[in-house]
There are 4 protein chains.
Amino acid sequence: MTDASFQPIAAAIKATLEGQGFTRLVGAEVVSVEPGVVVMALDRRPELLQQAGLFHGGAIAYLVDNATTAAAGSVIDRATRSVITAEYKINLVAPSTGDRLTCRAEVVKPGRSLTVVEAKVFCRIDGAEKLVAVALATIANLDRTAS
Amino acid sequence: MTDASFQPIAAAIKATLEGQGFTRLVGAEVVSVEPGVVVMALDRRPELLQQAGLFHGGAIAYLVDNATTAAAGSVIDRATRSVITAEYKINLVAPSTGDRLTCRAEVVKPGRSLTVVEAKVFCRIDGAEKLVAVALATIANLDRTAS
Amino acid sequence: MTDASFQPIAAAIKATLEGQGFTRLVGAEVVSVEPGVVVMALDRRPELLQQAGLFHGGAIAYLVDNATTAAAGSVIDRATRSVITAEYKINLVAPSTGDRLTCRAEVVKPGRSLTVVEAKVFCRIDGAEKLVAVALATIANLDRTAS
Amino acid sequence: MTDASFQPIAAAIKATLEGQGFTRLVGAEVVSVEPGVVVMALDRRPELLQQAGLFHGGAIAYLVDNATTAAAGSVIDRATRSVITAEYKINLVAPSTGDRLTCRAEVVKPGRSLTVVEAKVFCRIDGAEKLVAVALATIANLDRTAS
């Protein structure tokens, strides 16, 4: 796929994500959409935190859910198929004490009916990116043309 | 543990959850806290949805994250220990088209350092509770007194 | 489905499982096959253990893999479809010090393309059944008639 | 850690794995042990297969369980601590039709009480290594000196 032919796909995915009510509520940003790789980010605000002042696990899971599904959606034939999250596992590996979360989701195995996607979430703490979560997701491909 | 002795613990857990910035942002409610079982709920609002009008997966994951961790927290000695989410897996099993999500988290195995918790999320659709997600979580117990 | 009509299905599933090379190697037994529920078991032998004398995690995972997939296979139309394990998560929650493992897998949500199955593994220790593992699996349904 | 100082640790880990009853039963091989990375392999034999002639999922899970736990064990202070599998998730992403499985497990985040490890399993099919499984594991560190 040439870069040029992917541009409208990237724009459509970004527009879909940024148009979600929940995305606007949490204030997330789609940093980049490439074939098989989606990056999203979220800046610290008091309403994204839990009681100890860390980013809430739910905010981290929101990024993982959206970025992994969008990464899978970037490698399908969008004319005939759509994607939906089947499941994911997330490990929270360090406290998110910093000022910005960035989630990078990358397809490890595209498939006809299921796509497997890995994600890593980093928190910018004192200017350095620190790994705070790791995830592994299964995204289902739906046939838009199925009766 | 008698019901009476658990009341202050339940109240403390409820206050912690409801005081989180993210909980106030999404507008979740702590329905009940019993030893080993926590129920949380979330009513439909446009800002909790994704592009197809379903509850966003991130909102469902938020409930799972909070309710499983709180359930684990309800069975520890809170004077000496605290809880933190280590990891969880979530399966989204049906579309959340309804007007209210309810997540019930229940401890399946308390442990000295790790507690395993199951969760089920139901969506009220046309008045009936339908299973929309299933989760399995590992919650770590931290020693408050450790140096 | 009447009990009588399910008998040949149960027999076919049991025969398939017990005919696997790996099942014969580990020496597992199919205890029962009912619609949506499969029970398998494994008796202690030195070749199923790890270095501390516990049942090896791989033996426990073998039971979970087979029993969850078979449970999903018990609720599909076997004339047109077959099942394959997509993924599972397993928590090992207590040491398997006893003399027999029993895994009970139960469908929580059958679906057109994916079936979600829970499993619990018990170890018989001094005559009592103790929970030693909990799992959550996603099984894919394949269309046998697809080109 | 110098290469020289790690040699006895690698040898001890390899000896422990290869001495397990289950490892001898399945016939697995410890290919290499480096700090944070363990590679294990398994050659095709009829008794490692399922009914369609693929490597059984249980054999793949055995490799993941052992290699991830050993990788976590390679980064702890073995004088005072030991490791035990807490949980893992495994995605089977392609059929294992080939003649040899190789599992590479790598620590992504060592921790004081929990270590998170990723694993990828490849199958050699017609001479080429093909990805057949991806896993994400949580390994608990136990204090040998705890009462």
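Read the figures in this text as sums done on the coordinates, not as results from a lab. Not measured: the values here are computed from a predicted model. When we count neighbours, we look across all protein chains shown, and the Cβ atoms used for this are built from the backbone with ideal geometry, even at glycine.
A simple spin-label model places the labels of A:Arg45 and D:Gln51 5.4 nm from each other, with each point 7 Å out along Cα-to-Cβ. Within region A:1-85, the trypsin sites (Lys or Arg not before Pro) that combine a DSSP coil assignment with at most 15 other C-beta atoms in a 10 angstrom radius are A:Arg78. Give the residues of region A:23-49 whose amide nitrogen is closer than 18 Å to a point set 7 Å from the Cα of A:Asp99 in the direction of its Cβ. Within reach of a label on A:Asp99, which here means backbone N under 18 Å from a point 7 Å along Cα→Cβ, region A:23-49 contributes A:28-29, A:41-49.
Using a 10 Å cut-off around each Cβ, can you sort B:Tyr62, D:Tyr88 from fewest to most neighbouring Cβ atoms?
D:Tyr88, B:Tyr62
Using the Cβ-Cβ distance between D:Glu34 and B:Val31 with R0 = 45 Å, the FRET efficiency computed as 1/(1 + (r/R0)^6) comes to roughly 0.35. The other copies place their C:Pro95 label points at 3.3, 4.2, 5.1 nm from this one, listed shortest first, where each point is 7 Å from Cα along Cα→Cβ. Computed from phi, the 3J(HN,Hα) profile of region C:117-125 under the Karplus parametrisation 6.51, -1.76, 1.60 (θ = phi - 60°) reads 10, 9, 9, 10, 10, 10, 10, 7, 10 Hz, with x in place of Gly and Pro.
Close amide H partners of B:Ser74, meaning residues 5 or more places away or on another chain with modelled amide H under 5 Å apart, are B:Gly36. Largest GNM mean-square fluctuation across D:Glu29, D:Glu47, D:Glu106, computed for chain D with C-alpha springs under 10 Å, falls on D:Glu47. Considering only C:Ala28, C:Ala11, C:Ala70, the mean-square fluctuation computed in a Gaussian network model of chain C, springs between alpha carbons under 10 angstrom, is largest for C:Ala11. Between copies, the label points at D:Glu18 (set 7 angstrom from Cα along Cα-to-Cβ) are spaced 3.8, 5.8, 6.2 nm, reported in nanometres from shortest to longest. How far is the Cα center of region D:95-128 from the Cα center of region C:13-65, in Å? Region D:95-128 and region C:13-65 have Cα centres separated by 23 Å. Using Cα atoms only, what is the angle between the long axis of helix C:57-73 and the major principal axis of chain C, expressed in degrees (0 to 90) to the nearest 10? It is inclined by approximately 20 degrees. Averaging the sequence gap over all C-alpha pairs within less than 8 Å and six or more residues apart, then dividing by the number of residues, gives region C:73-135 a relative contact order of 33 percent. Among D:Gly27, D:Gly19, D:Gly73, the largest mean-square fluctuation in a Gaussian network model of chain D, built with springs joining Cα atoms closer than 10 Å, belongs to D:Gly19. One quarter of the convex hull surface built on the alpha carbon atoms of region D:1-66 amounts to 4.5 nm², the projected area averaged over directions. Peptide D:19-28 shows a mean partner chain C-beta count of 6 within 10 Å per residue C-beta. Copy-to-copy label distances for D:Glu106, where each label lies 7 Å from Cα along Cα-to-Cβ, are 0.9, 4.1, 4.1 nm in order of increasing length.
Phi-derived couplings, Karplus 6.51 cos²θ - 1.76 cosθ + 1.60 at θ = phi - 60°, listed residue by residue for region C:86-102: 8, 6, 7, 10, 9, 10, 8, 10, 7, x, 8, 8, x, 10, 7, 9, 10 Hz, with x used for Gly and Pro.
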